[in-house]
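The values are calculated or read from the model by the stated rules, or taken from the named source; none is laboratory data. Here the structure is a predicted model, which means the values were calculated and not measured. Cβ atoms come from the backbone with ideal geometry, glycine included; neighbour counts cover every protein chain shown.
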């Protein structure tokens, strides 16, 4: 069983690539389910058929579903939102505002993950592909099992004893307290989030795949996504660079774009190493309908099996200890005298002097690094160890 989360900056073609991946898997004989959490309903446009909240048969071995997150939340978790709203109203918060706050960021994303869990436990398919919302929101959704788990545990410590011994729950400061039924729902929700978390951090089951275009904004967005994924414990096994201008345009009106893209492609190989990169040329027409999706699938994967794990490991590790922070990066074939490191605000600049010239790797730092200063760096067995400590040290 495999789960593929596919994300990227808006406009890079992640829905098209998600669809192409799903179609390729289906052609290889995998029972495949393509799920979209993007409210834009792009899958219906791509496949030229209506895809709704119930599974739609697209082709042999391929089903698709558009997750109706509002319906999922209302059907399964409305009692939790109603309780949070009551608490907020008791604190004299306007009712409309209380409902907005209760629908805290990511609740709809959590519903999508829990719907995925139900599919996984029922073992309905061999491969599940999630066409995620743009990467910033997608990573917040994927982090929900971590955040909600902590919230749920605090919640349970407060109220679970009353449920266990069957006593009425006492009032606290005029705040409405949860019923036994609500706490039981919360317990069930916590257990489900812990289950989906166990699937997500298993690299044999789940992979994150990042889609980008060969431009600076897309690359920077992809790097931030990769760093967040490393922090969350998700295995990124493949990067796909989409919409590359073909060689026949090298001498055309788009020649300058062609040259710029080649520079960005080299930068991608440098900055995302050792994660494999697939390069996908810009097709000569819009991706729409089964035939064009199939053409895109062959362009991406050829004879490859998209279900395989392309890479397992962490290209970057973040280790925090009592004395500060250490970031470890894979830098094969690089010597200490070939690089120079400096910090600029919330980014780390790694200057490389390679055999083809100078280049700069810009690494966005995780939030935990803000309170530390850059101290030193070492190369140990093809790994760059960057040390941060307190500013006064």
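Results, tabulated for the structure shown:
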| quantity | calculated |
| --- | --- |
| Qualifying positions in the range 209-218 - surrounded by fewer than 21 Cβ atoms within 10 Å (Cβ to Cβ) and touching a helix residue (DSSP H, G or I) at 6+ places or on another chain (Cβ under 9 Å) | 215, 216 |
| Test: residue in the range 1-9 that is closer than 22 Å to residue 295 by Cα, modelled with pLDDT of 95 or more, buried (at least 23 other Cβ atoms within 10 Å of the Cβ) and within 22 Å of the chain's Cα centre (by Cα) | yes |
| Output for the range 267-285, where each listed residue is in a helix (DSSP H, G or I) and touching a residue at least 60 places away in the same chain (Cβ under 8 Å) | 267, 270, 271 |
| Some residue of the range 52-65 being at pLDDT 95 or above, assigned to a strand (DSSP E or B) and surrounded by fewer than 14 Cβ atoms within 10 Å (Cβ to Cβ) | yes |
| Residue that is modelled with pLDDT under 95 and either closer than 19 Å to residue 8 by Cβ or in contact with a strand residue (DSSP E or B) (Cβ under 7 Å, 6 or more places away or on another chain) (or both), where the choices are 249, 296, 265 | 265 |
| Residue count, the range 236-251 (criterion: outside any helix (DSSP H, G or I) and touching a helix residue (DSSP H, G or I) at 6+ places or on another chain (Cβ under 8 Å)) | 8 |
| Output for the range 2-58, where each listed residue is under 16 Å from residue 115 (Cα atoms) and touching a residue at least 40 places away in the same chain (Cβ under 8 Å) | 2, 3, 4, 5, 32, 33, 34, 35, 36, 37, 38, 39 |
| The one condition in (1) in contact with a helix residue (DSSP H, G or I) (Cβ under 9 Å, 6 or more places away or on another chain); (2) free of Cβ contacts under 8 Å to residues at least 12 places away in the same chain that residue 306 fails to fulfil | (2) |
| Residue 192 vs. criteria over 26 Å from residue 45 (Cβ atoms) and touching a helix residue (DSSP H, G or I) at 6+ places or on another chain (Cβ under 7 Å) | yes |
